[in-house]
1. Would you mind checking which residues have amide H under 5 Å from T129's amide H? H placed 1.01 Å from N; only 5 or more apart, or other chain.
2. For R221, which sequence-distant residues (separation of 5 or more, or a different chain) have an amide H within less than 5 Å of its own amide H, given hydrogens modelled in the peptide plane?
3. Using +1 on the beta carbon of Lys and Arg, -1 on that of Asp and Glu, and nothing else charged, what's the dipole of region 1-155 about the Cα centre, debye to 20?
4. Residue by residue through region 188-205, what is 3J(HN,Hα) from phi via Karplus (6.51 cos²θ - 1.76 cosθ + 1.60, θ = phi - 60°)? Round to whole Hz and write x for glycine and proline.
5. How much area per residue is accessible in the chain when the probe is 1.4 Å and only protein heavy atoms are counted (Å²)?
6. Build a GNM of the chain with springs between Cα atoms under 10 Å: which of R25, R73, R88 gets the top mean-square fluctuation?
7. Taking square-rooted eigenvalues a ≥ b ≥ c of the alpha carbon gyration tensor, is region 1-57 rounded, prolate or oblate, where a/c under 1.5 means rounded and, failing that, a/b exceeding b/c means prolate?
8. Counting each DSSP H run of 4 or more residues in the chain as -39500 (n - 2.57), what helix-only mean residue ellipticity at 222 nm follows after dividing by all residues, to the nearest 500 deg cm²/dmol?
Amino acid sequence: MIKYPMQTRRALLVWQRPLNEGGRRDRFAVAELVQEKSGVSFRYLEEELLKDARKAGFTHYPGLPVGSPRHDRIALEVLMRRLPPRDRADFSDFLNRFGLPKDGEYSDLSLLAYTGARMTRDSFSICETFDGFSLPVTYIFHVAGNRHHVDYNDVSKGEAVILERESGNPHDPNAIRLIREDGGTIGYVNRLQAQKVGIWLDSGSVSASVFRVNGKARIPRLFVRAEFS
């Protein structure tokens with residue numbers, strides 16, 4: 001579990017090419033959400049920063065058209081539909097799946113960012129930026145690219161994981177590889193979080209292990225719990 005979850009200050013709305021379309025499934029940041037005193041603000045990134053996502057097929061998030069002046073009023077409500085309501089009987093079970101204590105107090109933005117708010121019917125998610133986080137930090141990462149590296153039936157909960165820089169990665173100089181004790185790769189830290197995680201690796205120590213394995217053979221989901229100190 002995450003003993004002392006930090007409140008999210010800033011998160012990114014992320015889009016990937018749908019799995020059934022084939023091709024590379026790079027994660028693209030398309031919008032940012034920021035916790036303000038008056039609530040959560042939402043804005044799409046500038047078009048120059050969206051050009052690669054546009055080429056891959058991104059248009060907009062359903063219900064939040066680009067250019068609308070109403071985003072701040074409706075965006076959080078729209079995105080919170082990706083999560084079960086807090087008053088649902090099994091909401092504590094939902095928190096437990098992401099290592100969040102059931103008695104904790106979480107802002108809406110924190111819930112979106114800590115859980116990723118993924119849904120099987122689309123290719124959007126919410127990504128924590130770690131703005132304002134300081135060591136020590138415990139976080140549970142959704143492992144990126146694991147289906148390309150390991151059979152998720154061969155991964156065990158509690159198995160030790162090593163975080164290692166992969167500076168020679170041709171796609172991302174900040175890449176953080178997640179490897180088993182035998183040296184086999186199980187996946188990577190989300191590239192949108194890798195730069196910050198690299199700073200933590202350089203300035204302290206980390207202990208990590210497999211937290212959860214689920215999903216389907218075609219769309220496996222692997223989560224790693226890491227303690228940075």
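The values are calculated or read from the model by the stated rules, or taken from the named source; none is laboratory data. Fair warning: this is a prediction, and the values are worked out from it, not measured in the lab. Please note: Cβ atoms are built from the backbone with ideal geometry, for glycine as well, and neighbour counts cover all protein chains shown. We work out accessible area using only protein heavy atoms, side chains counted, and drop any ligands, DNA or RNA first. Shrake-Rupley method; radii C 1.70, N 1.55, O 1.52, S 1.80 Å.
1. R10, L12
2. N214, G215, K216
3. On the way: 23 positive and 21 negative charges, 49 e Å.
Here the size comes out at about 240 debye.
4. Each residue of region 188-205 in turn: 9, 5, 2, 4, 6, 10, 5, 4, 5, 4, x, 5, 5, 4, 6, 9, x, 10 Hz.
5. Numbers: 12140 Å² over 229 residues.
Averaged over the residues of the chain, the accessible area is 53 Å².
6. R88
7. Taking the square roots of the gyration eigenvalues as a ≥ b ≥ c, region 1-57 is oblate.
8. Details: 5 runs with 48 residues, N = 229.
Rounded to the nearest 500, the figure is -6000 deg cm²/dmol.
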